[in-house]
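Throughout, read-outs are computed from the coordinates displayed, never taken from laboratory work. Because the structure is predicted, anything quoted here is derived from the model rather than measured. Quick reminder, even Gly has a Cβ in these numbers, built from the backbone with ideal geometry, and neighbours come from all protein chains shown.
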Amino acid sequence: MPTNVVMEALSPTMEEGRLVEWKKQEGDAVAVGDVLAEVETDKAVMELVARAAGTLLKHIVEAGATVPVSEPVAVIGSPGDDTGEGGKRGGGEAGAGQRGSGASGEKDRGAAGQRDSKESQGTQPSPGQSRPVSMPPAPPAGAATEHRPSPESPSGSKDNGVKSDSPAPARDQQAEPRVKASPLARRIAAERGVNLVGITGSGPEGRVVARDLEGVAAKAQSSTAPPPSRPAAQPYTDVPLSQIRKTIARRLAQSIGPVPTFYLTTEVDMERIWEARQAQLALSGAKGAVGKLESGEGGRDVSVSFNDITIKAVALALRQHPACNAWWQDDRIRYWNEVHVSMAVAIEEGLITPVIRHADQKTLREIAAESRDLAGRARERRLKPEEYTGGTFSVSNLGMLDIDEFTAIINPPEAAILAVGRIGQKAVGHEDAVVLRRRMRLTMSCDHRVIDGATGAQFLKTLKGMLENPLTLVW
Amino acid sequence: MSTRLLVQDLGHRGYGEVLELQRSLCRQRIAGQITDDILLLVEHEPVVTLGRGTRAGSLPSSPAELERRGVGVFEVERGGDVTFHGPGQLVGYPIIDLRRHREDLHWYLRRLEAGLVGALRLLGIEAGTRSGLTGVWTGGRKLASIGIHVKQWVTFHGFALNVNTDLSYFDLMIPCGIRDVVMTSVSRELGRDDQGGLWEETRHAVIAGMADALQLQPVEETPPQQFAKPVAFGEATGFSPYHGRFDPTPLA
């Protein structure tokens with residue numbers, strides 16, 4: 001059972017503390033009494049000590065964050081535990097406002113807190129109705145096709161309108177390079193926007209100390225006060241990584257690194273689907289009232305897109321090929337009996353994969369309505385975590401951007417992702433003649449630890465057959 | 001239960017070795033090998049220390065400039081921003097078990113301030129505190145700085161009171177991160193510079209003030225066996241110009 005570590009009141013009058021430095025990293029074993037972190041309040045630094053034993057599963061806040069008393073800062077539990085609810089959170093409200101005024105300086109613990117003053121949300125698979133009893137660990141998020149949005153913070157006050165971070169399971173942590181640096185060096189680096197990676201530390205074991213930042217610091221300072229004769233025209237703009245960017249980077253690297261991926265491409269003839277869809281459009285156009293009634297969506301007509309059709313076909317094909325509807329779980333493969341299709345949606349800061357649950361059991365119209373709703377709320381960053389986690393297979397479509405074909409990166413722990421290209425007319429051989437046909441290319445990226453070449457190929461063949469014979473989607 | 005405050009005047013000692021001594025005493029206190037509260041008093045060679053609250057711009061001086069003035073630099077585990085220690089400054093490191101007093105960091109910080117204010121009153125200086133600016137002030141000028149570290153409720157680091165410090169050293173930095181702060185000293189406030197006498201008077205006043213603030217009986221001792229010698233470990237090599245390599249990893 002995971003236990004939250006909270007910011008302790010080191011004094012009855014203490015309202016918040018700045019987490020100076022983590023002494024235990026995610027994944028570290030922790031015994032009761034171990035020092036987890038240093039906390040600074042006023043002019044005093046005190047150590048935050050573990051009250052529970054186990055593994056430090058997650059840092060909820062990053063070093064430098066200012067955290068109100070009794071807010072959680074970390075989670076201790078067993079390695080398999082779901083760290084669920086709380087995502088990483090920056091407490092740094094204090095830093096920003098007071099910074100300019102010198103006299104308020106002592107209380108103000110500075111900018112470090114600002115770095116992370118974003119609300120975020122952890123991920124947890126939906127506690128959905130018909131899921132197996134043993135919940136999987138939160139599907140690590142943020143791979144190629146995933147990104148988590150910032151759900152509205154309940155209070156609405158702290159949310160700067162951004163971010164999130166992935167509460168990745170402990171085993172994922174080694175993927176993140178950790179720079180040994182003193183808290184001061186980290187702070188100076190953060191304030192100056194200096195990346196500690198690549199700086200040679202002169203402290204013990206290469207630890208980066210403040211001195212090592214001097215050259216860098218000097219540059220940063222001179223740039224803040226450019227000589228008037230030479231207007232500062234920077235040839236570049238440095239943008240610190242947002243949490244989502246960090247998460248995407250880490251997750252993608254993690255995916256392409258350890259996941260032995262192979263790719264299968266096929267081309268699907270879309271003529272009949274095209275015709276079917278044209279007919280359906282004509283029908284709903286001519287009989288709008290009927291369409292509205294049928295849609296059951298509060299009178300909103302829903303037209304079925306090619307993407308919806310593809311999702312439906314994928315879901316039905318997965319039913320026939322459960323070997324492709326699976327999660328890689330390190331020590332086992334989890335074959336899902338349910339089909340939850342993640343669909344990649346581009347949003348302003350990245351991408352996210354809302355999930356159409358039980359897509360195999362839904363009608364095209366239902367899928368269309370749901371995907372439209374999910375995509376819309378994804379762009380407004382109003383998805384709940386359970387709406388973008390727990391998918392069993394992903395579909396990424398760049399056809400609307402005129403991409404002929406591409407390879408997508410698998411969204412672990414899922415074992416495969418389908419990249420959908422544009423539908424375009426091509427001269428092809430058809431019934432002993434060269435004719436123009438509408439064609440669409442599909443490329444499936446497969447985790448070879450789960451799916452073998454023939455397995456993936458059989459799935460694709462089924463999928464192709466379904467798309468070329470749209471009646472199979474109805475039957 | 002002992003209510004003694006063992007006062008150990010270390011005299012003139014390097015920052016690094018006394019830092020190690022403090023860490024060692026703190027460890028011993030946690031382990032129960034020491035049962036008395038202790039106040040170390042010391043006068044350091046010139047050194048700049050960077051606390052955990054140090055902001056990037058607080059030490060604008062270049063290493064070369066610091067070296068030219070013979071000032072070492074340490075990154076340490078205490079709270080607060082940058083500060084200076086050096087000749088003419090009375091530095092106090094109380095190794096106090098707060099479980100015997102109150103498990104309350106703010107209470108302890110306020111006690112340190114009260115002890116210094118009491119000491120200064122004995123010297124004839126009306127000093128006080130400023131809300132949100134831990135330390136001791138008189139007429140808007142800063143006389144003493146405070147920064148502590150607490151491990152399992154045992155304190156170390158402490159306070160630094162300018163007696164007749166060469167205040168120009170503070171120009172090397174933005175002391176405590178407070179821009180435009182004016183540092184002052186007992187000597188300057190009293191208009192006295194009879195070095196030896198003033199130092200002794202201040203020392204006695206501080207011992208009395210601290211003991212009073214912490215409700216302890218001061219006992220001045222020659223070094224008891226247990227901390228007669230600093231316990232050296234790690235890379236503690238005492239004073240050296242720009243001691244950036246000093247790893248502030250606290251007690252293991």
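Between B:D180 and A:A279, what is the label-to-label distance in nm when each label sits 7 Å out along the Cα-to-Cβ direction?
According to this spin-label approximation, the distance is 8.1 nm.
Using helices alone, what [θ] at 222 nm do you get for chain B, with -39,500 (n - 2.57) per DSSP H run of 4 or more residues, divided over all residues and rounded to the nearest 500?
-8000 deg cm²/dmol
When the convex hull of the Cα atoms of the range A:253-474 is projected onto a plane and the area is averaged over all directions, what value comes out in nm²?
Projected area, direction-averaged: 13.0 nm².
Between A:M400 and B:R69, with labels modelled 7 Å along Cα→Cβ, what's the label distance in nm to one decimal, could you check?
Going by the 7 Å Cα→Cβ label model, 6.3 nm.
Sort B:H204, B:H157, B:H44 so that the residue with the fewest other Cβ atoms within 10 Å of its own Cβ comes first and the one with the most comes last.
By the 10 Å Cβ count, ascending, the order reads B:H204, B:H44, B:H157.
Between beta-carbons, use under 12 Å as the cut-off and find the net charge around A:D360, counting Lys and Arg +1, Asp and Glu -1.
Computed value for this residue: +2.
Could you tell me what percent of the DSSP beta bridges with both partners in the range B:4-227 are antiparallel, to the nearest 5?
Counting DSSP beta bridges with both partners in the range B:4-227, the antiparallel share is about 65 percent.
Averaged over B:142-150, how many beta carbons belonging to a partner chain fall within 10 Å of each residue's beta carbon?
3
Per residue of B:68-79, how many C-beta atoms from partner chains lie within 10 Å of its own C-beta, taken as a mean?
Average neighbour count from other chains, rounded to a whole number: 3.
Using a/c under 1.5 as the rounded threshold, could you call the range A:1-69 rounded, prolate or oblate? The axes a ≥ b ≥ c are square roots of the C-alpha gyration tensor eigenvalues, and prolate needs a/b larger than b/c, oblate otherwise.
prolate
So, counting K/R as plus one and D/E as minus one, what does the shell of residues with Cβ under 13 Å around A:E275 add up to?
Net charge in that neighbourhood comes out at +1.
Hydropathy at least 0.0 by Kyte-Doolittle, axial extent at least 20 angstrom from the Cα trace: which helices of chain B, defined as entire DSSP H runs, fit?
Counting only whole DSSP H runs, the qualifying helices are B:105-123.
Based on the alpha-carbon gyration tensor of the range B:4-227 and its eigenvalue square roots a ≥ b ≥ c, which shape applies: rounded if a/c is under 1.5, prolate if not and a/b is larger than b/c, or oblate?
Rounded shape, in that the Cα axes give a/c under 1.5.
Greater than 21 Å separation of Cα atoms is the criterion. Which listed pairs, A:K384/A:K464; A:K312/A:K384; A:K24/A:K180; A:K23/A:K384, meet it?
A:K384/A:K464; A:K312/A:K384; A:K23/A:K384
Shielding of A:276-284 by partners, i.e. mean partner chain Cβ atoms within 10 Å per residue?
Taking all residues of A:276-284 together, the mean is 0.
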